[in-house]
Every structure is written in C-alpha cells, then in structure tokens.
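Q: Here's a structure for you.
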Amino acid sequence: MNDASQVTTQLNIHELGSREIGNRLRTWDETAKSILLTQAMGEHCLAAGISAAVNIQVEGNLGDYAFAMLDAAEIEIRGNVSKYAGHSMHSGSIQVHGHVGDGFGAFASGGFLATIGRGGNRCGLALAGADVIIRSDCGDEAGMAMTGGSLVLGNSVGQQLGLGMTGGAIFARGQVGSLAEGVRETRLKDADALRLSLLLVRAGIRAAAKEFRCYRPMARSTE
Amino acid sequence: MMHSETGSLLEDLVVAPMALAPASPPGAHSVDASWRITTESSKSLKASAPWFVRDLAPTKVAGRWQALCGLLRKQGVPLFATTQELQTVPAGDVPARIAQRRLDQPLLRAELLSADAIELNSVDASGIWAWPYEIDGPRDLKLLVNVIREAAGADVPIGISLPLGAKLADLRACMESTCDFLTLVHCAASLQKSPRQLANYAALNIVAARKYCVQSGKPRWPILLDAPLHNVDQMLKLLLLGASAINIASLVEHVLTEEPKTVSESSLTANLLGNLPSSSKQFKELPDIERAIQKMKHGLVNMMQFAGAPTLAELDSNSLRSLSSTTATMLGVAPA
C-alpha cells in the first residue's frame, strides 16, 4: 500500500527563493506531509507564519527569523540558524542540528525548540510558554523578559541570566556568568525534575535532571 | 525660545488663496480628499479623508463602541484595533483595521493576516518609547519588517511608530527598513507639554520629518501624526505642513465624553465651514461625532478649494503664509 502522506516533497530553496517557499508552505494543501527543503544558503525570514501540520527537514544554513510564528509544523534543520529562529512560535517544534544565533525562541508562546549546538545572546527572550533547549554554551541575557515556559541551558551561560524575567523557569547545568537582579536559584522540585527529564529526552540530550540548577524570578507572575 | 506673534506657531499661519480666482463659484471645484498608503505590490490602505483613530480603547467609549466602529466604516476612517476589540462588532460595521505589534508582544499571525495595515508600535504601556528588543540597528529593523511582510502575505502596508522628537538616525532607519509609512506619536515626554506647546512641537516635528523625506527622494512618504489635539484648525494646518493623516481619537473621545466642552475652531475654519452647525454646539452623541467628522472633511475640502489644490498631495506648505517672521523661519513657510 502506498500511503501518500508518507511521500516526501522536495523543494530547492536556492532555486525557488525563500518567498516562493513561504507562499507554498503557507497555503500547503498537498497530500504529502513530509517536505525536504534543500540548498538553504542563509535565507532570511524563511517560512514565516506557516501553519500546515507537516514535517519539514531543512538542509543548509538559515538566516534570521527562520520559521517565525510557526504553528503546528515539525521542523528539523541540519545546519546553523541565525537570529530569532522560532520568533513568536505558537506550537509545533524546531530542532536544530547546529548552532543558533541571538533570540532563539523569542516570544514563543508554545511548542518545543532545541539545538544541539551553541546559542547566541538573549535566547528565550520574552519566552511566554514554549520550551527552549540549548545543549551547549549560551550567550548573555538568556531568558530576558521571560514570562513563562522553560529555558534549558546545557552548558555555560553568559551574564545577566533572567534579566527582567517575571515567570517561567530556567534550568542551567554549567557555569552561570551572573544572575540578573530579581532572579534566584530555587530547589529543583520533583515536578520540575520530571518535566526537565522529559524535555532532555525529547531533545536527545543524555543528562540527568539533577545535574541542573533551577532559576526563577523572586516575585513570580501567575503562569 | 520661540517668539512667534501668538505663541502658537500654527495660529501664526494662514492659508493662501490660489493665485487666480476660480471662474466658477467656490465649491464647484471637485477635490479629492481621499488618502491611501500603498505598498510596492500596489495594495493599499484607503481612507476617505486624512484621519484615522488610534489608541481609542472600547472602554473609553463605554457602550458605543459598536456604533462608533460602524460610523468609522461609513465615514471611511481607519481604526487601530485588535481583532479581539472588534470581535463583537458585526462584520458590516468593521472599519479598515490597522493592527499594532507592541514592543513587548509576540507577533500574532491572526492579527497580521486580517489587518489592512500593520504598525510596529514601540511605545510601552507607560508611554515610554524604545526600539523593540530585537532591534540593535537598521538592519534588524529591516528584517523585522520583512518577517512581518512575509507572514502577512507580502501585501499589507507596514508602518513604524516613532516618538515626536525622534532622532534623525531613527527616522533614517525607518525609511531604510522598507516600511510603507511612519507614525509620529506623542509619548510620556510630550504629554508633559501644554496643548499649545504640543501643537508647536508636532508642527516642528512634522516639518522636520517631511523635509527629510524630500531630501531622501520620498517626498510623499506617508507620515501619520498621533498627537492629542482637539483643534480642527490645527489639524488641518498640520496636514499642510506635511502630515499625511491625523489621529482624531482625542476629538472623538472629547466629543463623546466631555461636556460642556466644544470642538474648538479658529475663525479661519469657522469661516471656511460657512453655515454648518456652530462651533459652540455641545456634542454628546454619535450623530454629533458623525457631524464633527463631516465638518472636518468639509473644512478640509474648503481649504483645498481655497488653496486651489485638487488633491491632498497638492496641498502642502506652499499653500501657507506666516504672519510672523519667526514662525516663517522655523516652519519654512513663506511670510504673508
């Protein structure tokens, strides 16, 4: 039996252009639910605002605002992405097999974002409910203005962690450059540990939850 | 220090009549007071006159929100509103909607997709202006505009708000971002000024911004002005000085909620309005809002006819004369 939904459609970003790719994906009504985007060469704003329930694999590096405002789709990127990937994401997932730039998962209100590489500054900026995982080192001001969700940092973290955060939780394993004012280390509760374990498994990171420290704002907003 | 004749730059200005008297009676010349913002793809936001309503929350107009929306639609006045604010308004009463993305908010696809235009509003809840978190330089602003354009389907006009008193570098960054319009807004700093100071401040800023547009080769780049002005005469003169459209939310709110205050007009506008209802009338209900908007449009049309400008684009500061040499110098207007 041939299941049409298992068929993969291949689109060449370099040939079609990122705007055409975005237009096709935003109005995707084909049977194929698996899409391979090839020859990514640092295009900006790729596939912003798509909401089709599809699986997308990207080969190559992407520029800024990749998959911003994502809803429902599952994305896997085999390359690096620049700034603000997954900005304002609503649901779905973005997994990056490479490094990410500044603001990974900024303003994301739902879904799952993970990278096996390093993260730039302000990762999880204004995070509002999504789960963001950075396996390696991360820059300054991670979790800035965060109001909800989880930010998991698998290695060393820069300065001013959690600057202006009012909600959510940051889990860090490595050395923290400095904590922002109003952020404190809290005990890792059982529920936190369970949730963190599940996130680590999903991101393919071999680590135990107990290796992480938990940081929260001193006066938490209601989540 | 300003040393104009009246202390008000705008009050020092008068509209110059067209060079040759019209052969037909005044009023016989048809003028086009409509206004639009176009994108590169030629899609546009259209309005019947150069006004819009911005930052008028439904709670400010109590139970008359739905009726007000219907009125704005009928009058062709765009409204800055969220989809949530228009949820209870029947589809037939929804005016052209300009969506806003505030600096501390995510980009909401549903808001962007259904909007007739989109504005990046960087004034926070306490009235302080700052670039959004994502912006470290002009390149970042351009990318933010691009991603909104992409998500909204590439066709919707996108604008950026700057505060009155913004630096030239910020204005340049907006222009280079490929956005389609600019909104100059009052914020916490300008609210500390008296109405007269605010009108002067708005006039100087509009003149400076328009001058920059001319120098940059975009003389007609749309500049929306949001300042809490109640004076119709001032609003019309600001259009001549370079504003493309003016926020009339203050006027609407003023008419709806405050009594026994009146819609103030100078003798110039009162003369232009002819036998329309007296400016001393106290407006309280929606029909009075409608009448006020119609009066403004009538005043504008009369002003255009008086100045011999068949379209809004041809109504510029060349149609103004200054009664004060200081004002003439400050605003770049010819002396009377």
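Q: From A:Thr186, A:Thr166, grab the single residue that is more than 19 Å from the chain's Cα centre (by Cα) and within 14 Å of chain B (Cβ to nearest Cβ). Please lay out each step first, then the result.
A: On the way: A:Thr186 fails: within 14 Å of chain B (Cβ to nearest Cβ).
Exactly one of A:Thr186, A:Thr166 is more than 19 Å from the chain's Cα centre (by Cα) and within 14 Å of chain B (Cβ to nearest Cβ), namely A:Thr166.
Q: Anything in the stretch A:179-207 that is among the small types (Gly, Ala, Ser), under 28 Å from A:His97 (Cα atoms) and touching a Leu at 6+ places or on another chain (Cβ under 8 Å)? List them, or say none.
A: Going residue by residue through the stretch A:179-207, those that are among the small types (Gly, Ala, Ser) are A:180, A:182, A:191, A:193, A:197, A:203-204, A:207.
Those left that are additionally under 28 Å from A:His97 (Cα atoms): A:193, A:197, A:203-204, A:207.
Of everything in the stretch A:179-207, just one residue is among the small types (Gly, Ala, Ser), under 28 Å from A:His97 (Cα atoms) and touching a Leu at 6+ places or on another chain (Cβ under 8 Å), namely A:Ala207.
Q: If you check A:Gly103 against the conditions, is it surrounded by fewer than 20 Cβ atoms within 10 Å (Cβ to Cβ) and either within 14 Å of another protein chain (Cβ to nearest Cβ) or over 24 Å from B:Asn146 (Cα atoms) (or both)?
A: Details: surrounded by fewer than 20 Cβ atoms within 10 Å (Cβ to Cβ): no; either within 14 Å of another protein chain (Cβ to nearest Cβ) or over 24 Å from B:Asn146 (Cα atoms) (or both): yes.
Taking the combined requirement at face value, the residue does not satisfy it.
Q: Name the one entry in B:Ile158, B:Ile128, B:Ile135 that is surrounded by 24 or more Cβ atoms within 10 Å (Cβ to Cβ), more than 10 Å from chain A (Cβ to nearest Cβ) and not basic (Lys, Arg). It would help to see each step written out before you state the result.
A: Values: B:Ile128 fails: surrounded by 24 or more Cβ atoms within 10 Å (Cβ to Cβ); B:Ile135 fails: surrounded by 24 or more Cβ atoms within 10 Å (Cβ to Cβ).
From the options B:Ile158, B:Ile128, B:Ile135, the qualifying one is B:Ile158.
Matching residues to (1) touching a residue at least 40 places away in the same chain (Cβ under 8 Å); (2) assigned to a helix (DSSP H, G or I); (3) in contact with a Pro (Cβ under 7 Å, 6 or more places away or on another chain):
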| site | (1), (2), (3) |
| --- | --- |
| B:Thr183 | yes, no, no |
| B:Lys193 | no, no, no |
| B:Arg196 | yes, yes, no |
| B:Leu204 | yes, yes, no |
| B:Val207 | yes, yes, no |
| B:Tyr212 | yes, yes, no |
| B:Leu224 | yes, no, no |
| B:Pro228 | yes, no, no |
| B:Met235 | yes, yes, no |
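Q: Which is touching a Lys or Arg at 6+ places or on another chain (Cβ under 9 Å) and in contact (Cβ under 8 Å) with a residue 60 or more places away in the chain, of A:Asp71, A:Asp131, A:Asp64, A:Asp137? Walk me through it before giving the result.
A: Details: A:Asp71 fails: in contact (Cβ under 8 Å) with a residue 60 or more places away in the chain; A:Asp64 fails: in contact (Cβ under 8 Å) with a residue 60 or more places away in the chain; A:Asp137 fails: in contact (Cβ under 8 Å) with a residue 60 or more places away in the chain.
Testing whether each residue is touching a Lys or Arg at 6+ places or on another chain (Cβ under 9 Å) and in contact (Cβ under 8 Å) with a residue 60 or more places away in the chain leaves just A:Asp131.
Q: Name every residue in the stretch A:66-88 that is among the hydrophobic types (A, V, I, L, M, F, W, C) and at the interface with another protein chain (Cβ under 7 Å from one of its Cβ atoms), in order of residue number.
A: Narrowing the stretch A:66-88 to residues among the hydrophobic types (A, V, I, L, M, F, W, C): A:66-70, A:72-73, A:75, A:77, A:81, A:85.
If the condition is that a residue be among the hydrophobic types (A, V, I, L, M, F, W, C) and at the interface with another protein chain (Cβ under 7 Å from one of its Cβ atoms), then A:Ala68, A:Met69 are the ones that fit.
Q: Sticking with this one: Can you confirm whether the stretch B:68-76 contains a residue that is more than 14 Å from chain A (Cβ to nearest Cβ) and closer than 28 Å to A:Ala108 by Cα? Write out each step before concluding.
A: Here is the first cut: in the stretch B:68-76, the ones more than 14 Å from chain A (Cβ to nearest Cβ) are B:68-76.
In the following step, the residues that additionally are closer than 28 Å to A:Ala108 by Cα were identified as none.
Checking the stretch B:68-76: not a single residue is more than 14 Å from chain A (Cβ to nearest Cβ) and closer than 28 Å to A:Ala108 by Cα.
Q: Give the number of residues within the stretch B:143-155 that are more than 7 Å from chain A (Cβ to nearest Cβ) and either surrounded by 24 or more Cβ atoms within 10 Å (Cβ to Cβ) or under 24 Å from the mean Cα position of the chain (by Cα) (or both).
A: Here the count works out to 6.
Q: Could you pull out every one of the strands (runs of 3 or more DSSP E) wholly within the stretch A:126-200 that has 1 or more residues that are over 29 Å from B:Leu107 (Cβ atoms) and not charged (D, E, K, R)?
A: Correct list: A:183-186.
Q: Could I ask something else about it? Which residue, of A:Ser51, A:Ser93, A:Ser34, is closer than 30 Å to A:Leu161 by Cβ and out of contact with any Cys (no Cβ under 9 Å at 6 or more places or on another chain)? Walk me through it before giving the result.
A: Values: A:Ser51 fails: closer than 30 Å to A:Leu161 by Cβ; A:Ser34 fails: closer than 30 Å to A:Leu161 by Cβ.
Testing whether each residue is closer than 30 Å to A:Leu161 by Cβ and out of contact with any Cys (no Cβ under 9 Å at 6 or more places or on another chain) leaves just A:Ser93.
Q: Please indicate, with yes or no, whether at least one residue in the stretch A:147-157 is of a type in the set (S, T, N, Q), within 19 Å of A:Gly98 (Cβ to Cβ) and surrounded by fewer than 23 Cβ atoms within 10 Å (Cβ to Cβ). Don't jump to the end; show me each part of the working.
A: Looking only at the stretch A:147-157, we keep the residues that are of a type in the set (S, T, N, Q), and these are A:147, A:150, A:155-156.
The next check asks that each one be within 19 Å of A:Gly98 (Cβ to Cβ); those that pass are A:155-156.
Applying the additional criterion that residues be surrounded by fewer than 23 Cβ atoms within 10 Å (Cβ to Cβ) yields A:155-156.
Yes, the stretch A:147-157 contains a residue that is of a type in the set (S, T, N, Q), within 19 Å of A:Gly98 (Cβ to Cβ) and surrounded by fewer than 23 Cβ atoms within 10 Å (Cβ to Cβ).
Q: Sticking with this structure for a sec: I need the helices (runs of 4 or more DSSP H) fully contained in the stretch B:61-179, keeping only those with at least 1 residues that are out of contact with any strand residue (DSSP E or B) (no Cβ under 8 Å at 6 or more places or on another chain), closer than 22 Å to A:Ala85 by Cβ and of a type outside the set (Asp, Glu).
A: Numbers: elements: B:65-75, B:109-113, B:138-151, B:168-176.
The qualifying helices (runs of 4 or more DSSP H) are B:109-113, B:138-151.
Q: Within the stretch A:13-37, take every residue that is surrounded by fewer than 17 Cβ atoms within 10 Å (Cβ to Cβ) and assigned to a strand (DSSP E or B) and give me the one that is farthest from the other protein chains (Cβ to nearest Cβ).
A: The extreme case among them is A:Ser34.
Q: A:Ala40 fails exactly one of the following numbered conditions: (1) at pLDDT below 95; (2) away from chain B (no Cβ under 14 Å); (3) buried (at least 21 other Cβ atoms within 10 Å of the Cβ). What is the number of that condition?
A: Failing condition for A:Ala40: (1).
Q: Just for the stretch B:203-233: of the residues that are in contact with a Ser or Thr (Cβ under 8 Å, 6 or more places away or on another chain) and more than 17 Å from B:Trp35 (Cα to Cα), which one is surrounded by the fewest Cβ atoms within 10 Å (Cβ to Cβ)?
A: B:Pro228
Q: Same structure, new question: Restricting to the stretch B:306-327, name every residue that is basic (Lys, Arg) and loosely packed, with under 14 Cβ neighbours inside 10 Å.
A: So in the stretch B:306-327, the residues basic (Lys, Arg) come out as B:321.
Within the stretch B:306-327, no residue meets the criteria.
Q: Which residue pairs have Cβ atoms closer than 8 Å, lie 6 or more positions apart in sequence or on different chains, and pair a first residue in the stretch B:89-118 that is away from chain A (no Cβ under 13 Å) with a second residue that is assigned to a helix (DSSP H, G or I) and crowded, with 21+ Cβ neighbours inside 10 Å?
A: Final answer for the pair search is B:Val89/B:Cys69; B:Asp93/B:Cys69; B:Val94/B:Cys69; B:Pro95/B:Cys69; B:Pro95/B:Leu72; B:Ala99/B:Leu112.
The values are calculated or read from the model by the stated rules, or taken from the named source; none is laboratory data. Computed from a prediction, not measured in an experiment: that's the story for all the values here. All Cβ positions, glycine included, derive from the backbone under ideal geometry; neighbour counts span all protein chains shown.
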